[in-house]
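As C-alpha cells, the structure follows; a few thoughts come after it.
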Amino acid sequence: MPFTIPPGSASHLSTTPTVAADKEGGEAGIVVDDDVIDVAAEKRLLRRLDLRIIPTIFFMGSYAIILNADTGDSLLQVLHMTTRRFDAVSAACFITTTLFQVPSNYMHKYFSPPYWLAFLILGWGATLMIMAASQNYITILLLRLLIGALEAGLVPGMIYFYTFWYRLQERSRRISIMYTCGPFRAAVGGGIAYAVGLLNGVRGLEGWRWLFLIEGAPSCFLAILVFLFLPAYPENATWLSDDDRALAVHRMKQESSKSLVDDKITWDGTKSTLKDGRLYLHYLLDIFSLIPSSSLFAVPIFAATVIGTVGLAVVADKYRIWSTCALLSYVLAGMTFIVQGPKTAWFTGNLRDTNATTLAIAISSALAMGSQVVGIFIYRSSEAPGYRSGHYTDAAIMFFCAVCTQLLRTIYKWRNKKQQNGENPWVV
C-alpha cells in the first residue's frame, strides 16, 4: 500500500526546519521544499519507535556499564591478583576497546546494527561466564582482551543506530537517555555486587566467580531481545505498517547524513572523512569533555543527573540549539554528563554521508576512551582535601571545550554563508 497524505492534516519537513502553521488553522508543521508529511502520523510513528527502541537501548547500555564496572571492581579478588597484574589486565581491556571501535562500527554497516549489537552482548556475557572458570593470570588477561574488543562496538554502535531512525531535532533527548545509563549503574550496580558477594563460598566458588556467572548469564536473554526488538533499517521494518514504513523512510531521506541501508562505504569517502579538519574539533570536544567525568569528584546525584541530562536535551531539540546548549554547559557548569546529548546530536547532524557517520562516530568514541584514563590522574591524593590543581584543571578543560564549541559554530556559520543556494546547510 503506497504512502498517502490524509487531506487537511499535512505539514512540511526539513533538516533545518522552520515552524509554520497550516493555512487552515491546523497543527503547526515544518517547512522545506515541496515535501509534505502528516504531522499526526509522524507523531504516532515516533511513539511506536520510542516504545520499541528506547527501552532496548537503555537496558543494553545499563547492562554493559554494570558488567564493565562490577567486573573491573572484582579483578583484584581474582586468583589473588597483584596490583601490577591488575593494572596490566585493566590496560589490556582498555587497549582493545580503543583499537576495535572503528572496525566494530564498520561491522554495524555490513551486518546491520541489531545483529551486530546482539552478537557483541552475547559474546561479552559468554566470555564473562568463561572467565568465572579461569585458573590462571594468562587466561584472565586473554579473556579481558576479548571483552575489550567486544565492548568497543556498543556505544558508537548505539549512536550510529540512532542516525537511521531519528531526525536531527529528535536525537538529542534520546541520546541523552542513553547516557543516563552511567549514573544508573551507581544506583544498582553496587547493590548487585554486594548481594553476589554474600554467595562467597557457596558450592565451593569464590564470590567473584559467582559475580561473573550471574552477571554474564542475562546476556543470552538480552541478545535475543536486541535481535528481535531492535529494528534494523526503516526500509525493512516489517513490524511497521506499509504507511508507517514509507513515512519512516521518507523522513530520513530528508536528513543530510542520508545514512540509509543502500548507502555504500567507499575508500574515497573514508579518506575524505579523515581529511575533514572540522571533525577534529569535534573529536577534541569528546576527548576533553569526558576527562572531568572520570575524576573522583564527578559522581553526581543520580536523580539530578538524569533530570539535567534529559531536560537539557529536550530544550536543545525543541529549539534546535544543540551547539548553544553544549556551549552553555561548558561555560556555566562543566557538567559533562548533561552536555553529552546536545553535543552528540550536533556532531551526528553534521555528518553528511554513511562514510562520515560510520567512521567519525567510532573515531570520536575511541579517542574519548583515552581521556578517561587521564581523568583518573588529575586528582592526586597528595593534594587532599582541597585538590586545588585538579579543580583548576577541570575548569581549564571546560573553558577550552567552550572555545572549541564557539570555533565550530563560527566555522559552520561561515560555511553556510558561502553556500549560494542555501540547500543542505550545516547545523549551527
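The values are calculated or read from the model by the stated rules, or taken from the named source; none is laboratory data. Bear in mind that the values here come from a model prediction, so they are computed numbers and not experimental data. Cβ sites come from the backbone with ideal geometry, for glycine too, and all protein chains shown count toward neighbours.
Does VAL89 satisfy being closer than 18 Å to ALA368 by Cβ and of a type in the set (A, V, I, L, M, F, W, C)?
no
Quick check: anything in the range 161-168 at pLDDT 85 or above and among the charged types (D, E, K, R)?
Yes, that holds for at least one residue.
Restricting the range 340-374 to residues that are at pLDDT below 70 and surrounded by fewer than 23 Cβ atoms within 10 Å (Cβ to Cβ), which is farthest from PRO156 (Cα to Cα)?
Among those residues, the one meeting the criterion is VAL374.
Restricted to the range 130-185, and to residues that are over 23 Å from MET369 (Cα atoms) and among the polar types (S, T, N, Q), which residue is surrounded by the most Cβ atoms within 10 Å (Cβ to Cβ)?
GLN169
Pull up the range 327-339, narrow it to residues that are β-branched (Val, Ile, Thr) and under 19 Å from MET178 (Cβ atoms), then point me to the one that is modelled with the lowest pLDDT.
To start, the set of residues in the range 327-339 that are β-branched (Val, Ile, Thr) comprises 331, 336, 338-339.
If we keep only those that are under 19 Å from MET178 (Cβ atoms) as well, we get 336, 338-339.
Working: THR336: 50, ILE338: 54, VAL339: 58.
Per the criteria, the residue is THR336.
Residues in the range 125-172 that are within 26 Å of the chain's Cα centre (by Cα) and among the hydroxyl-bearing types (Ser, Thr, Tyr): how many?
Final tally of qualifying residues: 6.
Is there a residue in the range 88-104 that is under 30 Å from PRO234 (Cβ atoms), surrounded by fewer than 23 Cβ atoms within 10 Å (Cβ to Cβ), of a type in the set (Ser, Thr, Tyr) and under 19 Å from the mean Cα position of the chain (by Cα)?
The answer is no; no qualifying residue exists.
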